[in-house]
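Every number in this text was worked out from the coordinates using simple rules, so none of it is lab data. For clarity, every value in this text was computed on a predicted model and none was experimentally measured. In this analysis, Cβ positions are derived from the backbone assuming ideal geometry, glycine residues included, and neighbour counts consider all displayed protein chains.
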Amino acid sequence: MGFPLPRLTLPVLSALALLQGPALALEPLADFGDNPGALDAFLYRPDGLSAPAPLIVALHGCLMSAAGFDDETGLTALADDLGAVLLLPQQREANMERGCFRWHDDDDNQPGEGESASILQMIDQALASEGADPARVYVMGLSAGGAMSAVLLANYPHRLAGGAIIAGLPYGCNRPAGVFDFNWYTLHYNIFAQDGADASYACGITRFFSATDRDAEDWASYVHEVIDAEPEDWPLISIWQGLGDETVDPANLQELTEQWTAVIGIDALPDATERFGRATRNLYRDDQGETRIESWSLEGFPHAVPVDTDGTPESCGFEAEYITDGGVCAVRRIAQFWGLAD
């Protein structure tokens, strides 16, 4: 996410991902528009797909690739079960050396701009080419991909039925804590600072920085100021965070919850709490009693997508880089919350 990490290139990461598990048929998605964010895209299409199918957009984290984020997370098995199309955008090394999506950059996180616009173009092309259902478009992501999922939820709420932010960040967090936050201004305007260093500082990335605690109303305003009008129904939002994460400050779970409950206009205190082993699930309901937001926290869990390698009735995914057995299958739980799975 724009902070010092081991220097592995995207081609190397893609090759490693293919060696970690069975190779699956990811097809390049080409000619999806002018692609202002200069991203790549891949599709996974289950056998015997029936239109109109749900479309799930899955955004990898830093030092990952599309090929390392499909079967490892359990997403391809989920797509097979649901009859859903997977769209997997992929960052290019020329944009961000460590393969992070540029969620922190105003040139890429505003409606119709940069990477945000490119991903929407991919969605439109996938809807047209695959006969997918425009009323059932969902987005999920890990880390920088989780932060970019928040970008898409903020930029295009009318276009999305649901979203999931795994170890991600609130929309608009890359800004100073106040007018005298000289550290942020120095990092933001210093041409010698590492790309994204301002976001690492402001958003609580790496163990050296803490998440900025902002009022819920401020968080909500960052979303409201980039949309022309609120949707009739906001997307269903699932938020996940490992409490042992040393990459993203776990305090971002609370900041994300405050942001999206305020955006939707519901109470930030949970209406119900459930526990599943090391995982705690909080439910946030609207005035009609409908659950609009869920948050999951996993005690001692690192910076990764939770999978359930020994799950029943069947296993979910397998451990790989930034994908860890947490005794709960995140992608299936998310699909259940979205109403796609039982």
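Between beta-carbons, use under 9 Å as the cut-off and find the net charge around Pro302, counting Lys and Arg +1, Asp and Glu -1. Spell out each step's value before the answer.
Details: positive: none; negative: Asp245, Glu246.
Surrounding charge for Pro302 is -2.
Note down the net charge around Arg275, summing +1 for each Lys or Arg and -1 for each Asp or Glu among other residues with Cβ under 14 Å from its Cβ. Intermediate results must be reported in sequence, preceding the final value.
On the way: positive: Arg278, Arg281, Arg333; negative: Glu274, Glu294, Glu299.
Neighbourhood net charge equals 0.
Sort the range 68-139 into rounded, prolate or oblate with this rule: let a ≥ b ≥ c be the square roots of the eigenvalues of the Cα gyration tensor; rounded if a/c is under 1.5, and if a/c is not under 1.5, prolate when a/b is larger than b/c, oblate otherwise. Walk me through the numbers before you get to the answer.
Values: a/c = 2.63, a/b = 1.40, b/c = 1.88.
Note, shape of the range 68-139 comes out oblate.
From the square roots a ≥ b ≥ c of the eigenvalues of the alpha-carbon gyration tensor of the range 228-294, which class results: rounded (a/c under 1.5), prolate (a/b over b/c), or oblate?
Oblate is the answer for the range 228-294, as a/c is 1.5 or above yet b/c matches or exceeds a/b.
Using amide H atoms built in the peptide plane, which far-off residues or other-chain residues are under 5 Å from Cys316 H to H?
Asp308, Thr309, Asp310, Gly311
Evaluate the distance, in nm, between pseudo-label points positioned 7 Å from the Cα of Asp271 and of Asp215 along their respective Cα→Cβ axes.
For the pair Asp271/Asp215, the computed spacing is 2.6 nm.
Around Ala51, under 9 Å between beta carbons, what's the net of Lys plus Arg minus Asp minus Glu among the other residues?
-2
Using only the alpha carbons of the chain, what is the convex hull's orientation-averaged projected area in square nanometres?
Reported value for the Cα convex hull: 16.2 nm².
If I take the Cα coordinates of the range 19-166 and project them onto the principal axes, what are the three extents in Å, biggest first?
Sorted from largest, the Cα extents of the range 19-166 read 40, 37, 28 Å.
Per the helix-only calculation at 222 nm, which mean residue ellipticity applies to the chain, given -39500 (n - 2.57) for every DSSP H run of n ≥ 4 and division by its residues, nearest 500 deg cm²/dmol?
Estimated from H runs of four or more residues: -8000 deg cm²/dmol.
Determine ³J(HN,Hα), in whole Hz, for all residues of the range 221-238 in sequence, where each value follows from phi through the Karplus function 6.51 cos²θ - 1.76 cosθ + 1.60 and θ = phi - 60°; x replaces Gly and Pro.
Listing the rounded values in order: 5, 5, 7, 4, 6, 9, 10, 6, 8, 6, x, 4, 10, 6, x, 6, 10, 10 Hz.
Starting from the Cα gyration tensor of the range 100-155, take the square roots of the eigenvalues, sort them a ≥ b ≥ c, and report rounded, prolate or oblate (rounded when a/c is under 1.5, otherwise prolate if a/b is larger than b/c, else oblate).
Note, shape of the range 100-155 comes out prolate.
Determine ³J(HN,Hα), in whole Hz, for all residues of the range 79-87 in sequence, where each value follows from phi through the Karplus function 6.51 cos²θ - 1.76 cosθ + 1.60 and θ = phi - 60°; x replaces Gly and Pro.
4, 4, 5, 8, x, 10, 8, 9, 10
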